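What follows is a short report on a single structure.
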Amino acid sequence: MKSICLVMGLVSLALISGRVAAVTQQQFDSTMTLIDSSQFTEALESIHALRKADSTDPEAYVLYVNFYYKKSMQSYLRIDRERFEGDQSISIFDSLGDTVGYMGDYQGFNFDTLGIGTAILKQGIESYPDRLDMRLGLAYVSNQAGLSAEMADALNALLNQQMI
């Protein structure tokens, strides 16, 4: 009987102090594992299921931006006459043994796909303005994609945010 009262008291305290998160750490981690391993169909199904269970859970926004960030990554083959700065490249030689160019790959982004994720994250920031991880995540994603102006905007918004 005492244990039932204790459990009911803890549940009441949790409900009074805030809602119970629908996305557990285990669910979040397993979905992130799917995203990290590029299992996009399964990851999106997991996110949709979590979102259906609680459409207001802030962790869903975080999962969405991670999903679209990873999905937007693309490798490109590059051939040029100039050596790539900071990139590893293979020299291309002509029949006389002279270097005529360089070939290598680089990581880029599909900005349409990335834009879907950042738009969802911005909705999350509007709904949960005190979530610093979302604001920093937007700055990080923008920086990684080479979007300097968007990164600066995200950091300025973070600095101008008045936290309670």
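The values are calculated or read from the model by the stated rules, or taken from the named source; none is laboratory data. Computed from a predicted structure; not experimentally measured. FYI the Cβ positions are ideal-geometry reconstructions off the backbone, even for glycines, and counts take in every protein chain you see. Surface areas here come from the heavy atoms of the whole protein model, side chains and all, with no ligands, DNA or RNA. Shrake-Rupley method; radii C 1.70, N 1.55, O 1.52, S 1.80 Å.
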- For residues in the stretch 103-144 being over 30 Å from ARG83 (Cα atoms) and open to solvent by 70 Å² or more (accessible area, probe 1.4 Å), which is modelled with the lowest pLDDT? ASP130
- Task: Return yes when ALA152 is modelled with pLDDT of 95 or more, out of contact with any Lys or Arg (no Cβ under 9 Å at 6 or more places or on another chain) and surrounded by fewer than 18 Cβ atoms within 10 Å (Cβ to Cβ) and no when it is not.
- Result: no
- Query: Out of the residues in the stretch 41-96 that are among the aromatic types (Phe, Trp, Tyr) and surrounded by fewer than 12 Cβ atoms within 10 Å (Cβ to Cβ), which is farthest from VAL23 (Cα to Cα)?
  - Reply: PHE93
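What residue, among those in the stretch 1-39 that are in a loop (DSSP other than H, G, I, E, B) and at pLDDT below 90, is least open to solvent (accessible area, probe 1.4 Å)? Spell out how you get there, then give the answer.
First pass over the stretch 1-39, keeping only residues in a loop (DSSP other than H, G, I, E, B): 1, 18-24, 37-39.
Next, only the ones that are at pLDDT below 90 stay: 1, 18-24.
Numbers: MET1: 166, GLY18: 28, ARG19: 113, VAL20: 97, ALA21: 60, ALA22: 36, VAL23: 12, THR24: 66 Å².
Restricting to residues being in a loop (DSSP other than H, G, I, E, B) and at pLDDT below 90, the top hit is VAL23.
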